[in-house]
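The values are calculated or read from the model by the stated rules, or taken from the named source; none is laboratory data. Computed from a prediction, not measured in an experiment: that's the story for all the values here. Every residue, glycine as well, gets a Cβ built from its backbone with ideal geometry; the counts of neighbours run over all protein chains shown.
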Amino acid sequence: MATSLTTTPIVALDFSSAEQALALVDSLGERCRFYKVGNELFTAAGPEFVRELRDRDCDVFLDLKFYDIPNTVAGGVRNAAALGARLVTVHATGGPAMLRAAVAAAGSTCGVLAVTVLTSQTADEIAGVWGREDALDIGAEVSRLAGLAAAAGAHGIVCSGKEAAGIRDQFGDRLAVLVPGIREADAAAQDQARVMTPEGAAAAGARYIVIGRMVTAASDRVAAMERLVRALD
């Protein structure tokens, strides 16, 4: 499926220290201006690290996956927006009230992405966790949760590349799709269950893709980033 949207790569700073993360940011320079800060780095380096990235004119995807009562989630999202985060995640399974509270707290400069089904989970695992005795259709679950996100006014959702095309077909440009679990065609899935190549995710309509070990574990990170940009172009 073709898409008129440009796919933006976001490099995941999955490090346990600010020094390691900034070393990557400095090495990539202008080749990447959008970074993901997740739980590992945020709990090590804190809000100050987000400010450091913003001071370097980098956009920040603050991937903390908020999941709590609406008022508590609203407070966390409000603080994320105040730090300058451009994107923030909450769990779609938190429900409509929580999603609406997050969107209201984010304001106009920070986009709320609703996490649907984690890319590390299989259909059988989800069925067990959610108490389903019948076979579970991941695509249908992602679509259902995406509907909650759209109704609440969210900027978009997080799903695997395997569900991205269906969401684009269903919602068009209404929901931005962010796809993690990106791997090169011949790479191992590692701790992910549903993976896709950068080109495949872009063709499926992903507006954002999160790049981790493709770049961070490469022997030449700059060359790996340049290959990725060429592939998306």
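Examine the stretch 84-95 for a residue that is modelled with pLDDT of 95 or more, exposed (fewer than 15 other Cβ atoms within 10 Å of the Cβ) and farther than 25 Å from Gly172 by Cα, and state whether such a residue exists.
So far as the stretch 84-95 goes, no, none of its residues is modelled with pLDDT of 95 or more, exposed (fewer than 15 other Cβ atoms within 10 Å of the Cβ) and farther than 25 Å from Gly172 by Cα.
Output the number of residues of the stretch 207-233 satisfying the condition of being in a loop (DSSP other than H, G, I, E, B), buried (at least 16 other Cβ atoms within 10 Å of the Cβ) and out of contact with any Pro (no Cβ under 9 Å at 6 or more places or on another chain).
Final tally of qualifying residues: 1.
What are the residue pairs meeting all of these: first residue in the stretch 140-168, first residue free of Cβ contacts under 8 Å to residues at least 40 places away in the same chain, second residue of a type outside the set (A, V, I, L, M, F, W, C) and in a helix (DSSP H, G or I), Cβ atoms under 6 Å, and 6 or more apart or on different chains?
Every condition considered, the pairs that remain are Val142/Glu163; Ala150/Arg174; Gly166/Gly139.
Can you tell me which residue is nearest to the chain's Cα centre (by Cα) among those in the stretch 59-75 that are surrounded by fewer than 19 Cβ atoms within 10 Å (Cβ to Cβ) and of a type outside the set (A, V, I, L, M)?
Among those residues, the one meeting the criterion is Lys65.
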